[in-house]
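Enquirer: Sharing a structure here in structure tokens format.
Only the coordinates and a few stated rules stand behind these numbers; no lab work does. Since the structure is predicted, the reported quantities are computational estimates derived from the model, not experimental observations.
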Amino acid sequence: MKNIIIKVLDPVLAEKACRQLTAKLPEWFGIVDANERYAKGCLERTSLCAMLDNNIVGLIVLEFPFPNNANIYWMAVDKSYHHQGVGKQLLQAAQNYCFTHKINTITVETLSLKHNDPLYLKSYHFYEKNGFKPLFELQPYGPEHTMCYLGKKVDNILKTSSEIKIRLMAHEDVSEIVTAFKNIGWDKPATLFQSYLTDQKHKTRFVWCAYIKDTFAGYVTLNLHSLYLPFREQHIPEINDLNVLPQYRNKGIGTDLLEIAELQAASISNQVGIGVGLYADYGHAQRLYIKRGYIPDGKGITYQYQSVVPGQNYFVDDDLNLWFTKEF
């Protein structure tokens, strides 16, 4: 489904969303005490929501019971949006979250096939269709309920569509990236990407690359130590250096890269920031960021990260920026 936005949700809002979705799905969630326990459990866990027109239409809640493992604590999609890809997008977002946090496996518990319950058969087959395999069965709630635990390995590639694949940059990618930009007349030296990889190794920056059919198409970085002083003082991560090759624009790659960077930012901060150039080449980016909920930070324009002085002359180039933030 288009126009769905996936984001990390504040725990209090996640509890509220859990209650709202539960009320709409009494066939799945008919035990009052269990529903209350799950809703309160959202306050202590990590939640990702699916939003459409500012309404939450799906929620997945993750817990981390073991090192390098995530478990799906609770998941639901508004019945009006079943069979429209919302659940699949939530699962993929959860997997992307796990990948960026170096989590290797993801598990889930659902009612065993032995019960032949038509609703929970749908749940079981949904997870199975999305790559989960049965691991073992237990009866933690008594002999009347046999639960099946399913799991899958977290892919080392972030998938955003059947064509677009996104993953963290590696050293072997640098040569291809430099060549791709050189072929369109852009100067992107290898030293730039090597410095990004050094930052990534030191956990001060994330760098994601997008590929279409195994061909490099673009990249974005998330800088955890922005050179823009207001961001650095407030510990706001900065989305930095988003680039999509011209021949691959208007395919959703920029949006996909932004979403992954925002998802990572939301796991460590309640805001994310970005600096945007002011001349015509940045027009599309300006419109994109505003549509995604970014607003100016109110501190005016900077040149090379320093506030401009009225009456002074400045080059209109990539270093002349207006800064935006987005709250989660």
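Enquirer: Could you pull out every residue, at least 5 positions away or on a different chain, whose amide H is within less than 5 Å of the one on Y73? Hs are placed 1.01 Å off N in the peptide plane, and Pro or chain starts have none.
Expert: Close amide H contacts, sequence-distant or interchain: V61, L62, E63.
Enquirer: Please determine, in degrees from 0 to 90 and to the nearest 10, the orientation of helix 190-201 with respect to the longest principal axis defined by the Cα atoms of the chain, where the helix direction is its Cα long axis.
Expert: Roughly 40 degrees, rounded to the nearest 10.
Enquirer: Can you work out ³J(HN,Hα) from phi for every residue in the stretch 211-227, in order, using Karplus 6.51 cos²θ - 1.76 cosθ + 1.60 and θ = phi - 60°, giving whole Hz and x for Gly and Pro?
Expert: 10, 10, 6, 6, 10, 4, 10, x, 7, 8, 10, 10, 8, 7, 10, 4, 7
Enquirer: Over the stretch 5-156, with a single point scatterer placed on each C-alpha, what log10 of the ratio I(q)/I(0) does the Debye formula yield at q = 0.10, 0.15 1/Å?
Expert: Log-scaled intensity ratios, in q order: -0.32, -0.77.
Enquirer: OK, next. Quick query: amide H of L135 versus all other amide H atoms, modeled in the peptide plane; which residues come in under 5 Å with a sequence gap of 5 or more or a different chain?
Expert: Amide H to amide H, under 5 Å and 5 or more residues apart or across chains, L135 pairs with Y149, L150, G151.
Enquirer: Also: At 222 nm, what value in deg cm²/dmol follows for the chain if DSSP H runs of at least 4 each add -39500 (n - 2.57) and the sum is divided by all its residues, to the nearest 500?
Expert: Rounded to the nearest 500, it is -9500 deg cm²/dmol.
Enquirer: Output wanted: per-residue J couplings in Hz (rounded whole) for the stretch 81-86, from phi through Karplus 6.51 cos²θ - 1.76 cosθ + 1.60, θ = phi - 60°, x for Gly and Pro.
Expert: Calculated HN-Hα couplings, in order: 10, 5, 6, 10, x, 5 Hz.
Enquirer: Restricting everything to alpha-carbon atoms, can you work out Rg to Rh for the stretch 164-327 with a Kirkwood hydrodynamic radius?
Expert: With Rh from the inverse mean 1/r over Cα pairs, Rg/Rh is 0.95.
Enquirer: Calculate one ³J(HN,Hα) per residue across the stretch 31-48 by plugging θ = phi - 60° into the Karplus curve 6.51 cos²θ - 1.76 cosθ + 1.60, and present them in order as whole Hz with x for glycine and proline.
Expert: Those phi angles translate into 9, 4, 4, 5, 4, 5, 5, 5, 4, 5, x, 5, 5, 10, 10, 9, 10, 10 Hz.
Enquirer: Given the pairs K188/K299; K182/K326; K102/K152; K122/K213; K129/K153; K16/K114, which span a C-alpha to C-alpha distance of over 24 angstrom in this model?
Expert: Exceeds cut-off: K188/K299; K182/K326; K122/K213; K16/K114.
Enquirer: Next question, about the same structure. Looking only at Cα atoms, what is the convex hull volume of the stretch 216-276 per residue, in Å³?
Expert: Output value, Cα hull per residue: 81 Å³.
Enquirer: For the chain, find the longest principal axis of its Cα atoms and tell me its angle to the long axis of helix 11-24, 0 to 90°, nearest 10.
Expert: Helix 11-24 and the main axis of the chain meet at about 50 degrees.
Enquirer: Taking square-rooted eigenvalues a ≥ b ≥ c of the alpha carbon gyration tensor, is the stretch 146-236 rounded, prolate or oblate, where a/c under 1.5 means rounded and, failing that, a/b exceeding b/c means prolate?
Expert: Because a/c hits 1.5 or more and a/b fails to exceed b/c, the stretch 146-236 counts as oblate.
Enquirer: How high is the relative contact order of the stretch 5-156, in percent, counting Cα pairs under 8 Å that sit 6 or more residues apart?
Expert: That works out to 19 percent.
Enquirer: Is the shape of the stretch 243-318 rounded, prolate or oblate, going by the alpha carbon gyration tensor and its root eigenvalues a ≥ b ≥ c, with a/c under 1.5 for rounded and a/b larger than b/c for prolate?
Expert: oblate
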